[in-house]
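Notes follow once the structure below has been shown.
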Amino acid sequence: MDVKSILKEVVSRGASDVFIVAGRPMSFKVGSQIESLDGEVFLPDKTLEFLTEIYKLAQDRDISALLRKGDDDFSFAIPEVSRFRVNAYKQRGSLAAVIRVVAFSLPDPGFLNIPEQILELSEKRHGLLLFTGPAGSGKTTTLACLIDRINSTKNGHIITLENPIEYLHRHKMSLISQREIAIDTEGYAEALRAALRQSPNVILIGELRDAETISIALTAAETGHLVISTLHTVGATNTVDRLVDSFQASQQGQARMQLSMVLQSVVSQQLVPAVDGTVVPAFQIMHCNNAVRNMIREGRTHQINSVISSSGAEGMVDMDASLLKLYKDGIITAQEALVHSLTPESMAKHVNTPDKLYF
């Protein structure tokens, strides 16, 4: 099986993801639509053959971990084609995989409609920046743009902790160390502790997964480092609550106090299907002013959205306002605006809702 040629073909078609699942031909996503390559249906033995070749391309990675645990994450590259991030897994007793296509070159934030006020967060010297959104919402791409801006404009040491590494950064004005979980280090918590002894200016953590990692990240931000990370939450309110709830009840008061002091901004994003078949980003941007810090400290996070809505002059952006602008500009439909809204009942008053539209 010529796996290289197959992947080169789907990359040439503009695919963002490739799906290998028994019972269907190879499928790939372009924009928000899933298409199929012409060819035979993948049976279990064919998916095993395809994945075996993928593992060979990934520097002869050992496939036994996948066969034993049922899941495996890694990345690899095909010269002059692309980099790829792989999540291989078992389903219905057969092997399957979703392969994310990652370009060799760093993304162009202007082409991706990433607002300049997000890139301006590169000016922060310390504290915690959080980028949130559901899986597949483009957080990694936005982070790559932000890290490249820091790398291009600041003199310092940037350490990234990723699982797996997707975008490769070259040394520019800064030195940059990229560490991959399970290959260069055991886990996020261990790598983060080590990073504090590696004279960093900026630490990027691929994901805040547990209370231990969150606690170390808060301490790192408190001691003068700029810490950047992600969470699978939508909206600043949910993000703050998720961080605090990760701690035991007896520790939550201290966590709120610490978070209120170190949190700088929360950027929440979603990728919304556009009318032309592509996807476009919608953003919520919250900056921690005195009002927001008090709300975090006092547990009044439900009031944060009202501060965001009324603080446009401070550079804050409301998610529903972002969606409404996309709708009024004719980029997305009313239904998509409602589906992705944080307050659909309020959004329904501003869009033309067709009959029997549910949200």
- Taking alpha-carbon centroids only, the stretch 169-229 lies from the stretch 121-141 a number of Å equal to 14
- Message: Looking at the chain only, what percent of DSSP beta bridges run antiparallel? Nearest 5 please.
- Response: 60
- Note on the structure: Long-range alpha-carbon pairs in the stretch 116-317, meaning those over 27 Å apart, account in percent for 27
- What list of ³J(HN,Hα) couplings, whole Hz, do you get for the stretch 332-348 from phi and the Karplus terms 6.51, -1.76, 1.60, once you set θ to phi - 60° and write x for glycine and proline? 10, 8, 4, 4, 5, 4, 6, 4, 9, 5, 7, 9, x, 4, 6, 4, 4
- Message: Give the lysines reachable from LYS172 as a straight Cα distance under 20 Å; neighbours fewer than 8 places away on the same chain don't count.
- Response: LYS124, LYS154
- Amide H contacts under 5 Å for ILE176, restricted to residues at least 5 apart in sequence or on another chain and with H modeled in the peptide plane, are ILE158
- Quotient of C-alpha Rg and 2.2 N^0.38 Å, computed over the chain: 1.04
- For the stretch 20-101, the percent of all C-alpha pairs falling in each 10 Å bin, from 0 up to the bin holding the max distance, is 17, 51, 30, 2
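Just so you know, all these numbers are worked out from the coordinates, no wet-lab data involved. Note that the structure is a prediction, hence the values are computed from the model and not measured.
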